[in-house]
1. Excluding A129 itself, what net charge comes from residues whose Cβ is under 9 Å from its Cβ, given Lys and Arg +1 and Asp and Glu -1?
2. Return a whole-number percent for the relative contact order of region 2-294, with Cα pairs under 8 Å and 6 or more residues apart as the contact set.
3. Could you give the angle, 0 to 90 degrees to the nearest 10, between helix 119-128's Cα long axis and the longest principal axis of the Cα atoms of the chain?
4. Measure nothing but the geometry: give the 0 to 90° angle between the long axis through the Cα atoms of 44-56 and the longest principal axis through the Cα atoms of the chain, rounded to 10°.
5. Using +1 at the Cβ of each Lys and Arg and -1 at the Cβ of each Asp and Glu in the chain, identify which of I65, L55, Y162 lies farthest towards the dipole's positive end.
6. For region 83-93, in order, what is each residue's ³J(HN,Hα) by Karplus, 6.51 cos²θ - 1.76 cosθ + 1.60 with θ = phi - 60°, in whole Hz (x at glycine and Pro)?
7. Pulled fully out, how much extra length does the chain show between M1 and L115, if you take 0.36 nm times their separation in residues and subtract their Cα-Cα distance?
8. Give the residues of region 1-22 whose amide nitrogen is closer than 16 Å to a point set 7 Å from the Cα of S292 in the direction of its Cβ.
Amino acid sequence: MKVLVVHGGCDEGYLAQEEQEKRNAGITEAFEEGLKVLKQRDSALDAVETVIAILEDNPHFDAGIHGSFKNMVGEIEMDASIMDSNESAGGVIRIRNFAHPISVARKVMEEMPHLMVSGKGAEIFARLAGFHEIPPELQTGSAEQRDLDKLPQNFREFIEKYSKRLEEQKIFSTVGAIAIDSTGYIVAGTSTGGIARAFPGRVGDTPIIGAGTFASKAGGASATGLGEGILKVGITRKVVELIESGAAVQKACEKVVALCSDRHFPCGVIALDSNGNVGIAHNGFFMPTRSSVID
């Protein structure tokens, strides 16, 4: 048995019908390509990377250099992580100018002695690993650009306004996928461009193992939503630990999302257990997902 489950982020606020349709179409396209890989190669790792890389190329998701939100100084900084049921993992934090952060994260997992690398270090590693760099002028991004000279002079006033803007954040179109192949090998991965107009260097949950992504022999999970909240709760680790304790995967997802609702922040999670059962839960307005079992 082989299983693939995919998400395209959890949006708390209103999303136009046209945009919902485009995200649903994007998720379907990536999911179908991932299924082909899972069927033909019987590789959960290849399937997860394929799905997320396709979504990183889609401007309707907050991932990759074409859809990621720009930070407040007009730069695109991206995060990604990947983990398997052998508890090997890799992550990149605030990487710029590379089309597929998920692929760089996989290379970190496979070839680096470190669990994750960040910023310039992540970019140096990507170059050394042979990934092609995309010049900034060829990137798009989905938020307004702000120059450094437009930032407010009063630091305290700035932080207050910035904190309020974070509370008003409604769009979280981070992408993620989990797969299990016929050997029982499980892989979970997540990729994001962060939040709109973030403070430069801000790190959310996506690249952090146990927050945005987690896997063990019992199952795997990928999260989306407000990163600061997900980091505090440790959503994906909690989901997998509940599965390890005997909880049904859907109940595990629902329980953890309820914890997030109690703490008043938006989130969504997909999960998969070692028997191929799928769990999906969110507390937002819209979260496109796809899942399928291949006998």
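1. That sum, taken over residues with Cβ under 9 Å, equals +1.
2. Reported as a whole number, the value is 26 percent.
3. Taking the Cα atoms of the chain, the angle to 119-128 is about 60 degrees.
4. Between helix and principal axis, roughly 30 degrees.
5. Y162
6. Using θ = phi - 60°, the values come out as 8, 10, 6, 8, 6, 7, 8, x, x, 10, 10 Hz.
7. 38.1 nm
8. What the label zone holds, given the 16 Å backbone N cut-off, is 1-7.
Every number in this text was worked out from the coordinates using simple rules, so none of it is lab data. Since this is a predicted model, take the numbers as computed values, not measurements. Using ideal geometry, Cβ is built from the backbone for each residue, glycine included, and neighbour counts are taken over all protein chains shown.
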